[in-house]
Each structure stands twice: as C-alpha cells, then as structure tokens.
Amino acid sequence: MKKILILLPFLGVFAISNGQNKTRYVDPFLGTGGHGHVYPGATVPFGMVQLSPDNGDEGWDWCSGYHYSSKTIAGFSHTHLNGTGIGDWCDISVLPLTDSIGANRSVIKHAFNHKNESAKPGYYSVKLDNGIVCELSASERTGIQQYSFPSNQAWIRYDMGFKLNWDQPTDAFIKIINDSTIGGYRYSTGWAKNQRVYFTSVFSAKIKSYRFIDAQEINKTAHGKLVKLLLEFEPLQKKIIVKTGISNVSIEKSGLALNEISGQTFNSITAKAENKWEKELNKIEINTSNKAFATKFYTALYRTALAPVIYSDIDGTYQNQQGQVQKMEGGKPRYTIFSLWDTFRALNPLFTITQPKLVPDLINSMLQFYKENGLLPVWDISTWEANTMTGYHSIPVIADAILKNMPGFNVDTAYEAMLKSAFQKQRGTGDYIKYGYLPQDKHGWSVTITLEYAYDDWCIAQVAKKLGKTKDYALFMERAKYYQNLFDASTGFMRAKDSQGKFIEPFDPLLSEHGFEGQYIEGTAWQHSFFVPHDVEGLSALYGGKKVLANKLDSLFNAPSILHGENASADVSGLIGQYAHGNEPSHHIIYMYSALGYPDKAAKWIKAVADSFYKTGPDGLIGNDDCGQMSAWYIFSSLGLYPMNPASGEYVFGFPLVKNASINLAGNKKLTINVIQKGDNKNAYIRSVLWNGKKLDQHYIEHHKLMNGGSLTYMIE
C-alpha cells in the first residue's frame with residue numbers, strides 16, 4: 001500500500017515543549033463557578049497578599065469573595081482564601097469611582113462583563129461598565145493596583161467595613177499620612193477571632209480632597225468599625241497606581257512591606273510575579289498535544305502553590321492570636337492557612353517533592369503554633385485554631401517529613417507535640433482512648449474521628465519506631481487498630497457504636513448528616529468506611545480477603561448516587577455511585593484497587609474521575625479546591641501515582657494521564673516519566689512498571705528512589 005503523507009498546517013496543532021512558557025496554560029478562572037470556591041486575582045507563590053475582586057454577594061459559593069455567576073464588583077480586597085468552605089478575610093477593600101455620587105452607601109456594586117475580564121498568574125484585569133480599567137498585581141506582602149479612568153475624574157474608596165459571610169469588622173482606623181499616602185487597620189472576627197490587618201497605601205497622584213464616611217474625622221484620622229475613606233485625586237493624569245503593603249503587626253510594618261517593590265513600575269512588578277510563577281510551574285514539565293489537558297494540569301499545579309501563606313512581616317515579626325509580637329528562630333518565615341484535614345492527603349506529600357525547602361518552614365510554623373497554643377494546629381487561620389474538621393492531621397504531615405529524613409526542624413520537639421495531640425483533653429480523644437473507639441453518645445462524628453485518629457496514631461508509631469521508642473511504638477500500633485472496633489461484618493461498613501458497645505440503630509449507609517451530631521463528617525458510611533490507608537491488609541482480613549474488599553469497592557461505585565437526610569452535606573459532590581470526588585474522604589479509595597491487586601479497576605476509575613470532574617472553564621472543579629488538595633490529586637494522578645497512605649513514603653501506581661513528563665528535583669536531579677502504550681484500548685491499564693529499566697515487582701515506588709532521580713516507565717496495554 002502506498003504511504004501518503006498528509007500535512008495539516010491549518011489545524012493549529014498544539015504542543016508543549018520543555019522550557020516553553022507555562023503560565024500561558026494557567027486559567028485563574030477555572031473553578032470560579034460551581035463549588036470550586038477559588039479566587040481569580042493576583043498573588044505570588046504562598047504570598048501574604050491575594051489581591052482579588054469581590055462581587056459583594058454572600059453565601060457558600062462566595063467563600064473566596066468571587067463567583068463567576070455574579071456580574072458586579074464591590075471592591076478589590078487584599079486577602080482571600082483558596083477553595084475553602086468558610087467565608088473569611090477579604091481585608092482592606094478598595095474600589096475606584098468615576099464620581100462621588102452614592103459614595104456614602106454601605107456597599108457599592110459596579111457592573112461588569114466577563115468578556116472585559118482577564119487573568120494570568122500574578123495579574124488580573126477588568127474593565128468595569130463605567131469605563132474604569134482595573135489591573136492588579138502583587139508581591140509577597142504588597143498589592144499593586146493600576147486604575148485607568150475614562151475621564152479626569154478619579155476617585156477611590158477604602159471600605160474597612162466590607163465583610164463576607166461569617167466575617168465581621170470589630171474595629172478599624174484610617175489616617176491621612178501625607179498628600180499621597182494613607183494607612184490604617186481592620187480588626188475582625190469570623191472563622192478566626194482577633195484578626196488584625198494593617199495597611200499602608202501610596203498613590204502615584206496627589207490627593208485633592210478626602211472625606212471619611214461612617215466615622216467622625218479627628219485631625220485627618222477616623223476610627224470606627226465601618227469607617228470608609230473617599231479620596232479624590234488631582235486630575236493630572238487618567239491613570240493612578242496604588243501600592244499597598246500589609247502586616248499583622250502595625251501600620252509602620254505595613255509601610256516596610258513596600259520596600260519589596262521600591263522603585264518598581266506596575267509592569268515590572270507584574271513581570272516579576274509572572275516569573276516567580278514560571279519558576280514554580282517549570283518544576284514539572286509535560287509534553288502533550290492536548291491544550292485542555294495542559295490547562296487543567298498547570299492550573300492545578302498553580303493552585304498547589306497558593307497556600308499555606310506567609311504570615312510574618314518583611315523583618316520576620318508577626319502578631320499571634322494572643323496579641324504577642326513574635327519572631328521565628330533563625331529568621332524563618334511564619335506561615336498560616338493550614339487546611340490539614342484536606343491537605344495531609346496529597347498536597348503535603350506533593351510538597352516533599354516540589355517544595356522541599358518550604359516543608360521545614362511549614363513544620364516550624366506548626367511547631368511554633370504548638371509552643372503558643374499547647375497543641376499542634378488542626379486548622380490554623382491567622383494563627384487562630386479554628387478546630388475545624390476531625391483528626392489531628394498535623395501529625396501525618398510532620399511524620400511524613402521525619403520519615404523522609406527532611407532536615408530543618410527539631411524532631412524531638414515535633415515528637416513531643418505529636419504526643420500532646422494524641423493525649424489531648426478535647427475533641428473526643430479521651431473517650432477514644434478509654435473505649436478503643438469514640439462512642440457516638442459521647443461525641444458526634446464518632447466513626448470519622450475513630451478512623452482518622454487510628455491513622456494518625458499509626459503515623460506516631462512509625463516515628464516512635466524510627467526514634468527507638470519501643471513502648472510508644474507498641475502503644476500506638478495498638479491504637480492504630482482501633483478502626484477494627486467499628487467494623488460491622490453483617491453490613492460491610494464502619495458503624496457508630498454507643499458507650500455500651502452496641503451499634504447505633506437504625507442504620508442507613510446513604511444517610512448524610514451535616515451537623516455536629518452526625519456519625520460521619522461531610523459524608524456517608526460509604527465514603528468513610530474505607531479510610532484505613534495504613535492497613536489495607538488488615539481491612540481486607542475483616543472483609544474476608546482482598547477479593548471481597550475489591551468487590552465492596554465495586555459496590556461503592558455502583559451504589560445509588562443519592563443522599564438521604566434532611567441536612568445532607570453540600571460538600572458531598574462529584575458522585576460516581578457513592579464515591580464522592582468533590583470531598584476529600586474519597587481521594588485515596590481508587591488507589592486501594594492497586595494495593596489489592598486490581599490495577600485495571602484503578603485505571604478505569606482514575607480515567608473516569610479525571611474526565612468527569614476536572615474540566616476547563618469556570619465550572620471545571622466538582623468541589624472546593626480546599627487549599628490545593630483537589631488540585632494535588634490531579635497532579636499526582638496525571639503522573640500515574642498517588643500517596644494512598646500519605647505518611648508511608650510510598651506512591652501507589654494508578655494510571656498516567658501524561659504521555660511523558662519530567663520533574664525537576666532539588667540538587668539538579670531529574671525524574672522522567674515515560675508511557676509506552678500498545679494500542680488504543682479504552683480499558684488499558686498499567687501492566688508493568690520499569691524503574692531505570694528494571695521491572696518493579698510491587699504496586700508502589702518509594703520516595704527516596706524518586707528523589708534521587710531516574711526513569712519511571714509505565715507499560716500499558
């Protein structure tokens with residue numbers, strides 16, 4: 001047969017090559033619709049400032065201040081949370097105006113059209129319907145706004161009373177420092193109590209006039225929890241640049257933050273922000289001919305570097321929730337926003353690969369939290385313990401770092417802190433220890449807490465073993481088996497018991513109770529019963545063998561995709577049967593198939609989840625991104641592996657979405673990933689894995705091997 005070469009130059013064939021600009025494939029609007037709860041604004045990796053638009057609307061889907069369904073902007077504030085389920089922050093709100101009409105209103109909403117809106121890493125822009133073009137960028141501790149006005153009338157309003165959802169201002173202050181500088185603070189209470197954000201703003205134009213709103217002026221200052229400041233600028237130019245530094249210590253320290261961008265233009269600041277993101281994104285390079293996949297991958301990688309965020313000032317100081325001004329030892333930065341119930345599963349393990357220099361700083365921040373509060377953080381926001389969600393999941397994060405021999409923190413202090421969490425006098429811990437499970441008549445969410453405590457205790461046991469603490473090892477390995485005490489062989493589920501040892505009746509595996517008295521947090525028995533990542537062998541034995549457990553997993557995916565109950569959790573989304581990818585308890589489950597010896601089933605469901613629940617566009621995320629955990633799942637899964645047991649140092653094989661990739665590791669080492677696939681079978685799965693050309697006889701690969709660099713090859717049929 002004659003071979004015919006067909007050239008198709010007009011089709012615009014797409015390909016990414018190594019070294020090519022990656023920021024062009026990041027879409028900050030991906031997930032801003034639906035329940036993604038992400039913000040589209042400007043920030044740098046792990047930056048203190050997240051300068052982003054707020055719609056002025058409230059509700060669960062406005063937890064980040066912005067939702068794609070809204071058509072108004074009420075201001076651009078300097079702090080935002082990425083993908084959480086609680087509304088907070090949105091501090092220091094700024095809004096440009098074309099005139100002063102209606103400036104006294106409590107909330108001003110400008111209309112806009114999404115076709116006049118754009119964003120890329122480190123930059124956001126929108127043209128409001130009134131003609132003002134608003135451009136945003138950021139450094140670590142400063143926000144930069146460039147406003148282009150349609151006429152020579154230029155007004156800007158600062159609103160310290162702006163709030164979102166749970167957040168409420170408690171005190172605020174603004175002062176005119178000179179003819180081009182203002183400063184102030186906003187104190188608030190919400191998810192975190194005693195929040196303090198100080199700011200200094202410097203303008204490129206002189207202030208012509210000013211007026212305080214909702215507060216009385218005293219010598220160019222005003223004080224009051226709803227205080228606003230309306231500024232009119234000299235009509236010398238239509239473009240005004242606003243540089244704002246923030247701090248949690250003082251106005252003076254917020255002014256020092258401006259040293260980060262001293263002498264820089266808006267364009268140079270934007271270019272530096274983009275370069276920082278380019279450096280982050282180049283840590284993982286993929287070759288693909290699929291632009292949609294490239295967008296999903298690099299947007300996910302971008303979102304893995306949004307939190308935790310820097311909390312300490314440029315000089316290293318910070319103010320904690322007790323009102324104490326502190327400084328980390330050795331000049332280390334302090335971080336906040338630890339959404340640990342979510343991120344311990346994949347994001348924190350990913351950091352040990354992509355952020356090895358950051359990990360010690362994060363752990364030192366947790367240990368500093370321990371020194372200040374007596375326990376490791378559960379959910380640290382602005383150094384406040386929100387105590388949100390279950391488990392004590394600082395422990396797997398710290399244990400993972402210890403077991404991977406990561407340097408830069410005091411292991412003895414870390415172990416001491418772990419023990420304090422394991423024997424704390426709250427959150428049901430005492431009854432969990434007393435009964436060998438947490439009775440439902442003693443504490444809500446009893447099943448979830450029991451399973452998660454058992455896992456965290458396994459993590460402590462591994463550290464104890466490494467440190468030679470044999471008695472502790474034996475104790476915590478025994479506690480790691482407490483999950484067995486809630487297994488009901490007759491139903492095949494982990495079920496709640498009372499303090500008399502009796503299962504709670506009636507039992508409905510489809511029941512979801514969102515309140516504090518539920519048996520499972522944010523989910524059903526289906527989603528939580530498989531959380532035994534540390535002992536798949538032991539769980540299999542309870543079921544009667546690996547095949548029986550695999551059959552139970554099959555039933556999970558084939559169960560009705562419905563929830564029972566009058567107060568079912570909105571977090572349970574992304575359902576395939578009762579597998580719920582929109583919430584974290586399901587994230588490890590598919591990889592249990594690989595551990596059980598069924599890689600074909602793992603491949604089937606990884607492809608289904610990736611295709612169904614990770615899309616481009618505003619509705620691209622099926623659930624809250626949860627500070628990067630949803631994104632981290634996609635990054636790991638795209639590369640063909642996943643930390644099913646997050647503190648084991650083992651990455652279980654799944655099914656690669658890439659054709660080839662390379663990870664640029666510390667020390668100029670490189671991990672290459674190659675996929676060799678025979679045919680185009682939609683039921684294809686990994687038949688074997690080669691490490692540096694030699695076949696592996698296990699379903700996982702160890703962290704230390706990957707970090708030494710090498711070649712990982714998936715053989716797929």
_Given charges at Cβ of Lys, Arg, Asp, Glu: region 560-654 dipole, positive-most of A580, Y642, G617_ = Y642
*Which ordering of I716, I174, I590 is given by a fewest-first count of other beta-carbon atoms within 10 Å?*
I716, I174, I590
_Between 0 and 90 degrees, rounded to the nearest ten: what's the tilt of helix 599-613 against the longest Cα principal axis of the chain?_
20 degrees
*Taking the Cα centre of the chain as the origin and placing charges on Cβ (Lys, Arg +1; Asp, Glu -1), which of V532, L549, F29 is farthest toward the positive end of the dipole?*
F29
*asked:* Quick check for me: using +1 on Lys/Arg Cβ and -1 on Asp/Glu Cβ, what's the dipole size of the chain about its Cα centre, in debye to the nearest 20?
replied: 2000 debye
*Can you tell me which of 453-461, 165-173, 668-676 comes out highest on packing, and rank the rest after it, using the mean Cβ neighbours within 10 Å?*
453-461, 165-173, 668-676
_Only Lys, Arg (+1) and Asp, Glu (-1) charged, at Cβ; region 23-281 dipole about Cα centre in debye_ = 400 debye
*Work from the charge dipole of region 174-234 (Cβ charges, +1 for Lys and Arg, -1 for Asp and Glu, about the Cα centre) and give the residue of Q216, A205, W191 farthest towards its positive end.*
W191
*Compute the FRET efficiency between N708 and K547 as 1/(1 + (r/R0)^6), taking r as their Cβ-Cβ distance and R0 = 60 Å, and round to the nearest 0.05.*
0.95
_3J(HN,Hα) from dihedral phi, region 462-467, Karplus parametrisation 6.51/-1.76/1.60, rounded to Hz, x for glycine, proline_ = 5, 5, 4, 4, 5, 8
_Nothing charged except the Cβ atoms of Lys and Arg (+1) and of Asp and Glu (-1): what's the magnitude of the dipole of region 175-263 about its Cα centre? Round to the nearest 20 debye._
180 debye
*With labels modelled as points extended 7 Å from the Cα through the Cβ direction, what inter-label distance (nm, one decimal) is found for D697 paired with Q500?*
5.4 nm
_Could you tell me the calculated FRET efficiency between K193 and N668, based on Cβ-Cβ distance and R0 = 30 angstrom, to the nearest 0.05?_
0.05
*Cross-link partners of K404 among aspartates and glutamates (Cα-Cα below 13 Å; sequence separation of 8 or more within a chain)*: E650, E702
*Which links in K547/K607; K208/K272; K420/K705; K109/K243; K327/K357 stretch past 30 Å when you go from one Cα to the other?*
K208/K272; K420/K705
*Using just the helices of the chain, give the 222 nm mean residue ellipticity in deg cm²/dmol: DSSP H runs with n ≥ 4 each add -39,500 (n - 2.57), and the total is spread over all residues, rounded to 500.*
-8000 deg cm²/dmol
*Please work out the FRET efficiency for the pair Q20 and N130, using the Cβ-Cβ distance as r and a Förster radius of 30 Å; give the result to the nearest 0.05.*
0.20
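Values quoted throughout were computed directly from the atomic coordinates according to the rules given, and no laboratory measurement underlies them. Remember, predicted model here, so these are calculated numbers, not experimental data. Counting neighbours? That spans all protein chains shown, and the Cβs are built from the backbone with ideal geometry, glycine included.
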